[in-house]
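The values are calculated or read from the model by the stated rules, or taken from the named source; none is laboratory data. Since this is a predicted model, take the numbers as computed values, not measurements. Every residue, glycine as well, gets a Cβ built from its backbone with ideal geometry; the counts of neighbours run over all protein chains shown.
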Amino acid sequence: MNMARSLRPLSRRSGLMCPGKQAGGIRVHRVYSDQNQNQNPNPQHSEQASLYIHWPYCLKRCSYCNFNKYIPRSVDNEVMTECLQLETQTLLQLSQVSQISSVFFGGGTPSLARASTVAAVLETVSAHARLCEQAEVTLEVNPAPAGRTALRDFVSAGVNRFSVGVQSLNEASLRVLGRDHDPQQALQTLAEARTLCPGRVSVDVMFGIPGQSVASWESELEEVLRVCDDHVSLYQLTLERGTRLYKQVQQGELSMPADDVTASMYRSARNVLEQAGFLQYEVSNFAKRNAVSTHNLGYWRAQPYIGVGPGAHGRFVPRALGAVHREARTQTLEPDVWVREVRQHGHATRRRVQLSQLNLLQEVVVMGLRMTEGISHQHWAAFSPEANLHQVLGASSDVQELHQRGVLILDDRGLRCSWEGLALLDCILPVLLLELDTFVHTHTQRGESGGSPHSRTT
Ligand SMILES: C[S@@+](CC[C@H](N)C(=O)[O-])C[C@H]1O[C@@H](n2cnc3c(N)ncnc32)[C@H](O)[C@@H]1O
Ligand code: SF4
């Protein structure tokens, strides 16, 4: 394959805070033999997992967003609390994990939930698993003051990290995005969050907004850096079908910046952040003083997680059912249906797909290469004791070409992207996934896996 032409810039969307948004389980094709799966106890039988809680409601629909969110006339907080607790309890018991390492309240707009809901969910976690004092408990916060619970009440409920959806400090950009806050409200929210959780506040900022230039983005980012705490997540605006923004672009009312412009924005953001003392630890995430998100690191390191709430996704072994393989689980999307199902069955898992070892390895590659540290040999061996990274990828001429071009490194440390390579991850991954697929299929038994999706089951 001629990489010179095929390497195009990466589309960056830091959507990992919200597994409610992630694609469903990769359908299973073929697997290493069952025997091999059983020899791979480490990632499958973890005693630890992280927990994602999805709050599905927002006050207003942003013009670009197609996450699983609803704009209700009213919310029954008691019922939501009861069902989030019940589903948390059921899935914790199903997974039999003994320790929850981090909790992330995402959405939607979880800062519209009551602090008592957050406290009740955390109490349920503590009643059914160990939740260490130091465990990271993050809550996503929208800067609009309307309907929002006071941040200090969330801290009293057990939250110790905030992720503030600033998006932009430019009035015109916020209007294009259909946000219901202005720059001043974003600054106030950020200041309040920093006072409550110093060193543990992240900001989401967006680039690639219609009307934004590289120069205006740079000065905006510099303004963000003057007021932000120790963590920044960059989001490249993605045009999603079915959104108002999509329609506006289709109808020629607005136009998205060209790919080379967004690539320059990303490049300059990395430089500006680095000069300000932020270390990039993932494609879209930057931290000072090691204020990395341990919750998100869990996803990138392919560790198990439990997803609770409408549309949430999880990846864990349902050990209470006697299972030994990890499953991808998706909860029912629509909140009213989700409530009904949770009340009936204790949970609302709509879809389960058993992940084969190939699926797990695909996830290790796709997620692991997002991190600047990449995939260490030790990390890989936990999922693939049979064949190391050199055996799986080292002999490939396409992989060697990526190495020669200086975008991919495979050495004694493991596999990772170079600085330039990280911006081209979308082009590098298909090459690696193809090699992985070929290797697994030529070195293992053929046959369909047990990966057929289940519906409505335990
Ligand atoms: C789904 S929101 C939930 C948190 C909160 N409601 C907020 O708006 O900040 C999480 C992040 O996803 C981002 N996001 C949603 N749709 C996006 C899109 N089409 N392109 C890029 N980022 C997007 C949001 O801007 C936000 O920073
Ligand atoms: S507030 Fe957040 S979740 Fe709600 S519509 Fe806007 S971006 Fe989406």
Of the residues V137, V205, which single one is within 16 Å of ligand 2 (Cβ to nearest atom) and not in a helix (DSSP H, G or I)? V205
Only residues that are buried (at least 22 other Cβ atoms within 10 Å of the Cβ) and either touching a helix residue (DSSP H, G or I) at 6+ places or on another chain (Cβ under 9 Å) or aromatic (F, W, Y) (or both): list them for the stretch 326-349, please. R326, A328, R329, Q331, T332, P335, W338, V342, H347, A348, T349
Say we look at the stretch 146-202 and pick out the residues that are of a type in the set (A, V, I, L, M, F, W, C) and in a loop (DSSP other than H, G, I, E, B); which of these is surrounded by the most Cβ atoms within 10 Å (Cβ to Cβ)? V159
Taking the residues in the stretch 154-196 that are β-branched (V, I, T) and more than 24 Å from R61 (Cβ to Cβ) as candidates, determine which candidate is nearest to ligand 2 (Cβ to nearest atom). V159
List pairs: first residue in the stretch 352-373 and touching a residue at least 12 places away in the same chain (Cβ under 8 Å) and among the acidic types (D, E), second residue buried (at least 22 other Cβ atoms within 10 Å of the Cβ) and in a loop (DSSP other than H, G, I, E, B) anywhere in the structure, Cβ distance under 8 angstrom, at least six positions apart or on different chains. E363/A302; E363/L355
Selected residue (criterion: modelled with the highest pLDDT) from residues of the stretch 29-67 that are part of a strand (DSSP E or B) and among the polar types (S, T, N, Q): S50
Go through the stretch 60-110 and give me each residue that's away from ligand 2 (no atom under 16 Å from the Cβ) and β-branched (V, I, T). V79, T81, T88, T90, V97, I100, V103
Any hit, the stretch 85-106, residues being among the β-branched types (V, I, T), modelled with pLDDT under 95 and not in a strand (DSSP E or B): no
Right, S173: within 18 Å of A276 (Cα to Cα), small (G, A, S) and either within 12 Å of ligand 1 (Cβ to nearest atom) or at pLDDT below 95 (or both) or not? no
Residue list for the stretch 284-314, restricted to those being among the charged types (D, E, K, R) and either touching a helix residue (DSSP H, G or I) at 6+ places or on another chain (Cβ under 8 Å) or assigned by the TED database to the domain that holds A423 (or both): R301
The number of residues in the stretch 229-254 that are touching a strand residue (DSSP E or B) at 6+ places or on another chain (Cβ under 9 Å), within 9 Å of ligand 1 (Cβ to nearest atom) and not in a loop (DSSP other than H, G, I, E, B) is 3
All but one of (1) within 15 Å of W419 (Cα to Cα); (2) of a type outside the set (S, T, N, Q); (3) not assigned by the TED database to the domain that holds S63 hold for Y281; state the number of the condition that does not hold. (3)
